[in-house]
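What follows is one structure encoded as structure tokens, with my remarks underneath.
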Amino acid sequence: MTRFWAKFIGDKCWTAIRKPEWSPESEREKAMEEACECLKALESALNGNKLYGGHTIGLVDIAANFTGFWLSIVQEATGRELLSAHKFPLLFNWSHCGIVQECLLPQRQGIVHLQSSCCSTLNKQPMCPSILNKQ
């Protein structure tokens, strides 16, 4: 089952969650619904546990780390909310779990990386320069 969830996260969820940010405005609502369906599936896979591995970090926790790190950065940069305590309480708690957070970069480093990679890829100004000014 672990391999299924790791593959599901890599093949389906990551693509679906990134889609709303890169889709034309006319397709964003449908893309947001698709992303929410993936998050709903991820939340159900927790089965009420603190971690996907039960009490220890496992492969699925590692594969799903984007929800605890990149998704929050993208949400802050774009102002669009996919993951919240209200919509997905178990998944939100997992993403803010101390054990999961210990394995991730500080959020500011992720924001700087996202900004620089988007700027170099698109040869444009940062998506949201005000984020870089936050301390």
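What follows is calculated from the coordinates using simple rules that are stated; it is not laboratory data. Not measured: the values here are computed from a predicted model. FYI the Cβ positions are ideal-geometry reconstructions off the backbone, even for glycines, and counts take in every protein chain you see.
Listed by chain and number, the aspartates and glutamates whose alpha-carbon sits under 20 Å from that of LYS12, ignoring those within fewer than 8 places in the same chain, are GLU21, GLU27, GLU29, GLU33, GLU34, GLU37, GLU43, ASP61, GLU81. The convex hull of the Cα atoms of the range 2-104, projected and averaged over all directions, covers 6.0 nm².
Put a dot 7 Å past the Cα of THR15, heading toward its Cβ, do the same for ASN93, and the two dots end up 3.2 nm apart.
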